[in-house]
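Just so it is clear, none of the values below were taken in a lab; they were calculated from the coordinates. Predicted, not measured: the structure shown is a model, and the values here were computed from it. Here Cβ is always computed from backbone atoms with ideal geometry, including for glycine, and neighbour counts include all displayed protein chains.
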Amino acid sequence: MAAKTRRYSARDMAVLVIGLGVAIVVNVGVIWGPALASIGLSGTDWSGIGPIEWVGGQNYHDLAAEYPPFWSAVRNNVLWLGFLALVATPFGLFCAVLLDRRLRLSRFYQSALYMPVVLSLAVVGFIAQLVYSSDYGVLNSVTGLSVDWLGDSSVNIWVVMVAAAWRHVGYVMVIYLAGLKAVDPALKEAAAIDGASERQAFFRVVFPTLRPVNVIVLVITVIEALRAFDIVYAINRGRNGLELLSVLVTENIVGEASRIGFGSAIAVILLAISVGFIATYLSQMFREER
Amino acid sequence: MDQRLPISRRHLLLGAAATFGVPAVLAGCGSDSPAPGPGGNLGTVTIGSNASDEIPKKTLDTVVKGFTQATTRINTVDHNTFQENINRYLRGTPEDVFTWFAGYRMQFFAEQGLAVDISDVWQEIGADYTQAFKDQSTGVDGKQYFVPFSYYPWAVFYRKSLWEENGYEVPATLDELTALARRMQGDDIIPIAFADKDGWPAMGTFDIINMRMNGYDFHVSLMQGKQSWTDPKVRQVFDTWRGLMEFHQPAALGRTWQEAAQSLAQKQTGMYVLGMFVAQQFPEADRDDLDFFTFPEINPAYGTDSIDAPIDGYMISAKARNVEGAKALLKHFAQASSQNIATELDPGTLAASSKADTSGYSALQKRGAELVSKATHIAQFLDRDTRPDFASTVMIPSLQSFVSEPDEIDSLLASIEQQKANIFR
């Protein structure tokens, strides 16, 4: 039995070229092309009209040193990520654990918590205005306060994050609930027989078996934090304390302003941050498979 | 940067096309509403319109129906979308005639060669406009590119009944304004309604204080990037404004101008610096109760000789296919009778033509026209008098930060000046 070297027929080649070629063209044209173009443009001062002039790192210097909204946007993006990861996500897990214990009316709670997830964040933004507006908002009229929740740049990011978390909690809860249902009850029983307390059983036995779910939730949380845009845009177009990197990119590039070079530089920074997270995540995944 | 390397545009454009092509497509698709006319001998003229609100849309439809020399087709795009995509729109496949704004905002695009020189049209219509309107329609090269259609003045609005009740009198100087504001506070009325959630309304207050203190010429050259923002004259403007802050409605950054106008209508606030469109927020029955005065004098050298009165009108795009027809249409827009249709349908605007019939004006419109005719200089409003990128990415965040922290003037002005240097280079 001589091992035959495998040869591709013309048909195989055609299939290969079409199958792989289309994917490559789409990938390069839609993802890599624009990303590289943004990086290229970030070194210019193009306005969308007229000649493109190379200015090197000027845009990066300008935005780091002389563009106040940039640092508040970075700070807000970090806050957003921290708030979702350290407050909203654990709270979602907490709700999931409670609901998993088959409380009375647990279906009702489950639906109530999940309801906001079907709303777009822009809609959540409009709802937030009805709640927080200083003149006609529910919060001020119920509590009798007269705080300018959305206009005061030292508080508005927090109340907006609460609104965003309102939606995030439901999302995380459902994913964890599905994960918890899949945990073998025998594990918990065995832990109980070995004399583990409820708390120990959860942290030492159940939580570690949720690892794949944790990874998914972490990725979702990071994505949500980096792509946050619609809620602040609906509230005040992402200004005055609600700056986010994604909003600054839009503000500079899409608006009448057309500071395409400058806006691209902000986009590149957002890209660098995203790539950081993606690379960490992928390397984790590959290490696991090995 | 002292050295700049010109790099191949084509390569960058290719890549950029994928990224930025989408909004251009957006700008192109709106609702096509053909206005069937008898069709003259000049073929078809297309119009790109930002008049997406009900009243302006109806106005344009009505005015265009009266144009018989050519068939017309109007492409209406959402107002903000139109503005934000104007760059890509004019470079793509624009309509022959498009709606736009006078002043620097027009010159900016004319200078890039995106508009058609219509000096020949102006030879015919020139007599219908005052010099101020002609200046605002003229590019930096001295040629005309714009036909004014309508405009509205900015002033200090108030409710007559509230003022009569309390015996308030129109202030003529800054001191009188301050004294009046103090009295209003004593009467439990918030003196000056204020809102800046959208970022632009505060520009109106800055404009008027700057013009009152430093005059029109300084204001315009500041807007064109020729003066320094750290100049003591500019600092003085913010200082004066800070002095008035205690009389402004608090929590302005969480409020829209519509809400502030409501508070004026409900007599919770005493006066409001805004454009004449404030009338839209008043119920029909209360409109007669609405009156205004021009912002009081601060520096006697300039008195009250300048106001903001943004002008809307029409231009021809450089890529127009039917320039003859487009010019004929612009002449039609310049006619007093066309503009009167607008003033009748929209109580918040005035006709730009000096030949327009003012007998049909409401009391408010008459007072508005009088105010503008008395002004020696007419500015267009901050975001129309300066580069669009400077207005939206620098001035909006800066003014909002001033409103929230009025004491941080020096660092704010230094930051504006730095950012200005990056944009005007």
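Quick notes on this one:
- For segment B:278-337, the fraction of C-alpha pairs more than 17 angstrom apart is 69%.
- Once exposed loop chymotrypsin sites (Phe, Trp or Tyr not before Pro) are cut out (DSSP; at most 16 other Cβ, 10 Å), longest piece of chain A: A:137-290
- Neighbouring partner chain Cβ atoms per residue of B:259-272, average, 10 Å criterion: 1
- For chain A, calculated [θ]222 nm from helices alone, where every DSSP H run of n ≥ 4 adds -39500 (n - 2.57): -20500 deg cm²/dmol
- Annotation for B:H79 and A:M115: the two label points, set 7 Å from Cα along the Cα-Cβ direction, are 3.5 nm apart.
- Per-residue mean of foreign Cβ neighbours for A:34-47 is 4 (Cβ atoms of other chains, 10 Å radius).
- Segment B:286-359-segment B:160-189 distance, computed between alpha-carbon centres (Å): 31 Å
- Chain B - mean residue ellipticity at 222 nm from DSSP helices (-39,500 (n - 2.57) per run, n ≥ 4, rounded to 500): -13500 deg cm²/dmol
- Nearby aspartates and glutamates by direct alpha-carbon distance to B:K374 (threshold 19 angstrom, same-chain neighbours under 8 apart not counted): B:D128, B:D135, B:D207, B:D217, B:D291, B:E297, B:D305, B:D308, B:D357
- For peptide B:399-409, the mean count of partner chain Cβ atoms within 10 Å of a residue's Cβ comes to 2.
- Segment A:113-203 - convex hull of alpha carbons, volume per residue in Å³: 135 Å³
- When the protein assembly as shown is reduced to its Cα atoms, the Kirkwood hydrodynamic radius in Å: 28.9 Å
- Each distinct pair of alpha carbons in segment B:214-312 adds a 1/r term; the inverse of their mean, the Kirkwood radius, is 16.0 Å.
- Hull volume in cubic angstrom per residue (convex hull over the Cα atoms of chain A): 245 Å³
- Exceeding the 19 Å Cα-Cα cut-off - candidates B:K58/B:K355; B:K65/B:K331; B:K134/B:K355; B:K143/B:K226; B:K57/B:K319: B:K58/B:K355; B:K143/B:K226; B:K57/B:K319
- Centroid-to-centroid separation of segment B:87-138 and segment A:170-245 [C-alpha atoms, Å]: 57 Å
- Degrees between helix B:174-186 axis and first principal axis of chain B (Cα, 0 to 90, nearest 10): 70 degrees
- Per DSSP, loop trypsin sites (Lys or Arg not before Pro) in segment A:1-78 with at most 12 further Cβ within 10 Å: A:K4, A:R6, A:R7
- Working note: Cα atoms of segment B:300-425, range along each principal axis, descending, whole Å: 51, 43, 28.
- Averaging 1/r across all pairs of distinct Cα atoms in segment A:74-237 and inverting the result yields a Kirkwood radius of 17.4 Å.
- Measuring r between the beta carbons of A:V30 and A:V142 and using R0 = 35 Å, the FRET efficiency lands at 0.15.
- Under 5 Å between amide hydrogens, built in the peptide plane, is the criterion, and for B:T130 it picks out B:S354 among residues at least 5 positions away or on other chains.
- Taking every alpha-carbon pair under 8 Å whose residues sit at least 6 apart, segment A:74-237 reaches a relative contact order of 37 percent.
- Debye log10 I(q)/I(0) for chain B, one point scatterer per Cα, at q = 0.07, 0.08, 0.10 Å⁻¹: -0.36, -0.47, -0.73
- The simple Förster model, with R0 at 60 Å and r as the Cβ-Cβ distance, assigns B:A421 and B:A285 a FRET efficiency of 0.70.
- Only Cα pairs under 8 Å and 6+ residues apart enter the sum, and on that basis the relative contact order of chain A stands at 28 percent.
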